[in-house]
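One structure below.
The values are calculated or read from the model by the stated rules, or taken from the named source; none is laboratory data. The model shown is predicted, which means the values in this text are computed figures rather than measured ones. For neighbour counting, all protein chains shown are included, and Cβ atoms are generated from backbone atoms with ideal geometry for every residue, glycine included.
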Amino acid sequence: MSEVDLAVEQEVEANPTLDLVNALSASDFNNAGTMFKDILASKMQDTLDAEKIAVADQMFNGVEPEELDIDDGEVDAMFDAEFEENEENSTEIE
């Protein structure tokens, strides 16, 4: 594959969140519902996989569990930053 082909493939990479926002703005609620469920399922599976790895690490490698020191304000700030980024991307496409 040439560099041009790789660049084109990277540009066409799907953004499920943006697709969801576009479906909602187009009032395609049936499709948006399916997209929402798929996004949540993907995020849940990623989280479960990460937790399985952490538990296996604790059981077989003696790794101590990691404590998370994150408060609600930090979670809200991360959510707001991601929402604003997706909002900026959706206005660029329209």
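Just a few scattered comments:
- SER27 meets the conditions (1) assigned to a helix (DSSP H, G or I); (2) without any contact (Cβ under 8 Å) to a residue 12 or more places away in the chain in every case but one. The failed one is (1).
- Restricting ALA32, ALA56 to residues that are without any contact (Cβ under 8 Å) to a residue 40 or more places away in the chain and touching a Leu at 6+ places or on another chain (Cβ under 6 Å) narrows the list to ALA32.
- Residue match in the stretch 40-52 (condition: in a helix (DSSP H, G or I), modelled with pLDDT under 95 and touching a Pro at 6+ places or on another chain (Cβ under 7 Å)): no
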